[in-house]
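*Asks:* Mind looking over this structure? Questions follow.
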Amino acid sequence: LIEIKEGKVSLLVPNPKDYEKNGKFDPSWAPVFYNPRMKLNRDISVLIVSVIKPKSIIDALSASGIRGLRYYIEVGGVEKLILNDKNPLATELIRKNIEKNKVEAQITTRDANSLLYEVKAEFVDIDPFGSPSPFILSSINSVINKGYVAFTATDLSALECSSKSSARRKYDLICDKLSFSKEAGIRGLIAKVIRESAILEKAAYPVFSFYFDYYYRVVFRVESGAKKADNLLSKQGYYYECPKCGLREASEYLEKKKCPKCGIDMKKYGPAWLGTLWEKDFVEKMRDKLNDFSYLDNYFTINKLLDIIIKESKYDNPYYRIDILSSYLKRNIPKREYIIKCLGSASVTHFDYRGIKSDKGMDEVNECIKKLTS
Ligand code: SAM
């Protein structure tokens with residue numbers, strides 16, 4: 001074991017040196033999982049928990065205990081903390097880590113699904129290997145009315161539809177990979193959570209979503225009520241995109257669509273969530289709270305990310321890829337800020353540095369590209 005520091009927590013984790021193969025190390029090779037590449041995910045999660053201020057937390061897939069420990073120490077006000085992992089080596093390590101940090105917590109060595117049908121909390125964290133799908137129903141069951149559930153997903157090949165069969169298996173997606181696949185993917189995940197919640201007559205409202213590096217993180221407020229669930233279900237649909245000119249449409253139904261301009265089959269993606277990815281109020285509270293976390297190494301990165309998200313959250317339409325539209329038009333690629341200025345109501349997006357978000361249609365974006373490259 002080695003001792004590391006993350007946020008305000010000192011943590012014992014497996015020494016990477018002991019598990020190297022040919023001088024390389026992957027966190028999944030160690031007996032207990034700790035991945036430094038997920039630090040930003042955890043930092044933002046601490047900020048999110050500081051907005052929610054939950055009295056009870058379940059860190060259902062806890063590994064070293066890092067998330068739950070960080071929420072307890074860096075946010076405070078947590079009266080009941082459950083740290084769970086089915087791997088006994090993990091819970092043994094969690095025990096050492098809670099003693100080290102003088103934290104009071106319940107440690108359980110259970111299958112997360114069976115645990116989540118027995119205990120309730122105001123905030124439930126699901127941070128799995130790969131897809132969160134196996135844990136959606138149980139975590140939604142476990143959260144109290146008006147509580148929150150956060151999911152990490154690292155299976156972007158399924159969600160972006162690079163792998164159609166796993167997209168279908170894990171998320172019921174009938175899909176092709178679209179030009180805005182990074183946003184389609186997070187919307188596919190959200191739609192899945194909304195449908196699973198609806199089974200339990202609960203409504204899962206996405207309050208904060210983001211993509212970074214190789215993963216998605218989405219946070220939901222969960223409210224009881226069949227009618228509310230029905231309302232959310234009605235905001236699912238399918239995206240269509242022409243592979244030749246980039247024209248896109250959204251519709252409630254899955255159909256075989258031809259591009260009205262080119263006459264060829266359009267690509268499709270869904271069921272996807274067509275509503276907002278961010279609740280304005282929630283993001284503003286995150287912005288205000290961020291000042292309390294200036295000690296984080298990622299403080300400036302988070303500040304920048306929130307800046308972009310506040311701008312792009314005005315637009316529910318998926319982003320346009322300026323490089324792709326320019327290539328369809330056989331033009332050079334104009335600078336993003338010029339396109340944004342030309343369109344008037346548009347913004348950058350955190351999903352893709354080549355993307356812009358706007359409430360304007362493709363024709364208007366194309367007009368701007370032409371104007372700027374003439
Ligand atoms: N949350 C941790 C962090 O931020 O460092 C990382 C969690 S790791 C990605 C996923 C953990 O889930 C592993 O420690 C694994 O043992 C545990 N796990 C996988 N399936 C489980 C299940 N069905 N029930 C409980 N734990 C499970």
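*Asks:* Report relative contact order for the chain in percent, whole number only (criteria: Cα-Cα under 8 Å, sequence separation at least 6). Can you show the working numbers first?
*Replies:* Working: 741 pairs, mean separation 41.8, N = 374.
The value is 11 percent.
*Asks:* Would you mind working out the accessible area per residue for segment 321-374, using a 1.4 Å probe, and quoting it in Å²?
*Replies:* Values: 2880 Å² over 54 residues.
Averaged over the residues of segment 321-374, the accessible area is 53 Å².
*Asks:* Let me ask something else about it. Given a 1.4 Å probe, how much area per residue of segment 80-138 is accessible, in Å²? List each step's numbers first, then the result.
*Replies:* Numbers: 2770 Å² over 59 residues.
Accessible surface, normalised per residue, equals 47 Å².
*Asks:* Determine ³J(HN,Hα), in whole Hz, for all residues of segment 60-65 in sequence, where each value follows from phi through the Karplus function 6.51 cos²θ - 1.76 cosθ + 1.60 and θ = phi - 60°; x replaces Gly and Pro.
*Replies:* Here the 3J(HN,Hα) series is 6, 10, 8, 6, 7, x Hz.
*Asks:* Enter the angle in degrees (range 0 to 90, nearest 10) between the Cα long axis of helix 39-52 and the first principal axis of the Cα atoms of the chain, meaning the one along which they spread out most.
*Replies:* For 39-52 against the chain, the angle is about 80 degrees.
*Asks:* OK, next. For the chain, modelled as a Gaussian network with Cα springs under 10 Å, which listed residue fluctuates most, TYR19, TYR299, TYR205?
*Replies:* With Cα springs under 10 Å in the chain, the top fluctuation among TYR19, TYR299, TYR205 is at TYR19.
*Asks:* Applying the Karplus parametrisation 6.51 cos²θ - 1.76 cosθ + 1.60 with θ = phi - 60° to the phi angles of segment 277-292, what ³J(HN,Hα) value in whole Hz is obtained for each residue in order, glycine and proline being reported as x?
*Replies:* 9, 9, 8, 3, 4, 5, 5, 5, 5, 4, 4, 5, 6, 4, 3, 6
*Asks:* Normalising by the residue count of segment 109-162, find the relative contact order in percent from Cα pairs under 8 Å and 6+ residues apart. Each step should come with its number before you reach the end.
*Replies:* Details: 68 pairs, mean separation 22.1, N = 54.
About 41 percent, as a whole number.
*Asks:* Rounded to the nearest 20 Debye, what is the dipole magnitude of the chain about its Cα centre when Lys and Arg each give +1 and Asp and Glu each give -1 at the C-beta?
*Replies:* Values: 62 positive and 49 negative charges, 198 e Å.
Dipole of the chain, to the nearest 20 debye: 940 debye.
*Asks:* Now, a different point. Which ³J(HN,Hα) values in Hz, rounded to whole numbers, follow from the phi angles of segment 141-150 under the Karplus curve 6.51 cos²θ - 1.76 cosθ + 1.60, where θ = phi - 60° and Gly and Pro get x?
*Replies:* 5, 7, 7, 6, 4, 6, x, 10, 10, 10
*Asks:* Next up: Can you tell me which of LEU173, LEU305, LEU290 moves the most in a GNM of the chain? Springs connect C-alpha atoms under 10 Å apart.
*Replies:* LEU305
*Asks:* How large is the dipole of segment 248-319 about the Cα centre if only Lys and Arg carry +1 and Asp and Glu carry -1, each at its Cβ, rounded to the nearest 20 debye?
*Replies:* Numbers: 14 positive and 13 negative charges, 104 e Å.
Dipole of segment 248-319, to the nearest 20 debye: 500 debye.
*Asks:* Give me the distance between the Cα centres of segment 309-332 and segment 357-374, rounded to whole Å.
*Replies:* Centre-to-centre (Cα) distance: 9 Å.
*Asks:* Can I ask one more? Run the numbers on segment 1-76 and let me know its relative contact order in percent, using alpha-carbon pairs under 8 Å that are six or more apart.
*Replies:* Dividing the mean separation by the residue count of segment 1-76 yields 31 percent.
*Asks:* Right, something else. Between the alpha-carbon centers of segment 35-73 and segment 94-160, tell me the distance in whole angstrom.
*Replies:* Computed from Cα coordinates, the inter-centre distance equals 10 Å.
*Asks:* Note the angle between two axes, namely the Cα long axis of helix 299-312 and the longest principal axis of the Cα atoms of the chain, as a number of degrees from 0 to 90, rounded to the nearest 10.
*Replies:* Orientation of helix 299-312: about 40 degrees from the principal axis.
*Asks:* Shifting gears a bit: Over the chain, what is the percentage of antiparallel beta bridges among all DSSP beta bridges, to the nearest 5? Please list the in-between numbers first.
*Replies:* Working: 40 of 55 bridges.
Just about 75 percent of them are antiparallel.
*Asks:* Please work out the average accessible area per residue across segment 158-233, using the 1.4 Å probe convention, and give it in Å².
*Replies:* On the way: 2460 Å² over 76 residues.
In whole numbers, segment 158-233 has 32 Å² accessible per residue.
*Asks:* If one computes the Cα centroid of segment 217-231 and of segment 238-270, what distance in Å separates the two points?
*Replies:* Each part reduced to its Cα centre gives a spacing of 29 Å.
*Asks:* So, one more: In the chain, carbon and sulfur make up what percent of the accessible area (probe 1.4 Å)? Present the calculation step by step, with values, prior to reporting the outcome.
*Replies:* On the way: 8120 of 16420 Å².
Answer for the chain: carbon and sulfur cover 49 percent of the accessible area.
The values are calculated or read from the model by the stated rules, or taken from the named source; none is laboratory data. It should be emphasised that the depicted structure is a prediction, and the values quoted were computed from it without experimental measurement. Because the Cβ atoms are built from the backbone with ideal geometry, glycine has one as well, and the counts that use them run over all protein chains shown. These area figures cover heavy atoms from the full protein model, side chains too; ligands, DNA and RNA do not enter into them. Shrake-Rupley method; radii C 1.70, N 1.55, O 1.52, S 1.80 Å.
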